[in-house]
1. Restricting the search to segment B:144-169, which residues are surrounded by fewer than 24 Cβ atoms within 10 Å (Cβ to Cβ), facing chain A (nearest Cβ under 8 Å) and within 18 Å of residue A:43 (Cβ to Cβ)?
2. For segment A:58-72, how many residues meet the condition of being at the interface with chain B (Cβ under 7 Å from one of its Cβ atoms) and farther than 16 Å from residue B:41 by Cα?
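The values are calculated or read from the model by the stated rules, or taken from the named source; none is laboratory data. Fair warning: this is a prediction, and the values are worked out from it, not measured in the lab. So basically every Cβ, Gly included, is an ideal-geometry build from the backbone, and we count neighbours across all protein chains shown.
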């Protein structure tokens with residue numbers, strides 16, 4: 001037997017469909033030919049691993065219970081992922097609202113309240129230099145020249161205000177991004193749920209034909225053949 | 001899921017189906033408990049995503065229960081369920097492919113999946129298994145389904161044909177091409193590893 005002939009018998013051999021005489025011939029060739037021996041060994045080992053390797057994942061224990069709950073209450077027939085997202089989306093949205101409130105996004109009124117953004121303390125009170133009073137040093141103004149001190153204090157305050165404003169803008173931007181992502185995910189999820197409910201309506205027998213690796217499969221209409 | 005199950009088993013299954021059709025919750029639960037793990041194992045191997053596989057299993061059972069009135073007990077329930085599961089799985093994979101383009105098998109996470117078994121076996125055997133599963137993941141969808149159903153679920157080519165809704169000849173062709181690709185992808189394995197694994201697995 002030549003290698004080419006031997007390799008044509010591999011599938012029948014692995015499927016257990018090879019006649020005894022051909023199986024004997026293949027076995028004899030296998031002993032003599034290292035290349036065919038190796039090729040067959042690769043297939044046999046792959047088959048053994050696929051057949052016997054332990055499953056690394058299992059279903060949740062409460063799968064049956066949840067499934068039966070869906071059977072009894074069709075309105076619960078949301079994909080598990082949607083239900084999981086609903087579970088997480090509520091607290092996430094609440095956290096976003098709290099964060100926005102904390103940043104003062106909703107606060108357009110009283111400017112006298114101090115706000116703290118990203119580690120910066122913003123005080124909207126303008127430091128006032130009162131003639132005749134000694135500088136306490138808090139404002140960092142130590143010049144005896146009153147006008148210069150006032151100008152310096154004003155400049156410092158404006159710089160601080162700009163920094164705070166930038167920090168707040170960045171924080172709000174990042175929050176907006178997070179909210180946009182969540183909304184995007186929601187749209188995906190709703191689209192999926194819509195697809196799922198659409199496909200339910202067509203079962204069985206009216207599903208769209210599928211294109212898989214170039215082979216168009218028939219719509220599901222099961223079972224097709226008798227068992228025996 | 002052996003089609004050659006005894007007549008008693010078939011009779012028992014028929015009775016179970018009859019009760020389930022009447023809405024017997026215990027019978028429905030029994031059907032789920034009997035088949036969920038095998039269906040999930042197959043679907044998970046196809047999708048390699050736990051949540052997707054769980055959703056698909058749920059969907060498959062719900063579709064099966066909704067159509068239980070049309071099911072004929074001359075067929076095995078498991079084959080019917082796998083057929084539905086495979087179809088739902090294909091729909092899911094098609095949707096995913098539409099979203100992400102071609103399926104990116106490199107994104108399939110293998111990390112830790114065989115961790116438990118690796119701890120009980122040699123490093124070489126663990127690596128060999130990982131390479132084999134990586135190769136399986138790179139097969140086309142029908143090839144992968146045929147290989148999994150043949151080796152892991154011990155279905156005959158006729159039974160696989162029923163599940164995949166292909167002619168038997170097409171199933172054999174998928175198996176043949178799947179094995180060929182597996183062999184190509186595993187060519188880098190050395191003789192010693194193969195010999196060691198074969199002697200270990202008896």
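1. Hits for segment B:144-169 are B:148, B:151, B:152, B:154, B:157.
2. So the answer is 4.
Okay, residues lined up against (1) at pLDDT 85 or above; (2) not assigned by TED's automatic domain parsing to the domain that holds residue B:7:
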| site | (1), (2) |
| --- | --- |
| B:40 | yes, no |
| B:51 | yes, no |
| B:55 | yes, no |
| B:59 | yes, no |
| B:62 | yes, no |
| B:70 | yes, no |
| B:74 | no, no |
| B:135 | yes, yes |
| B:141 | yes, yes |
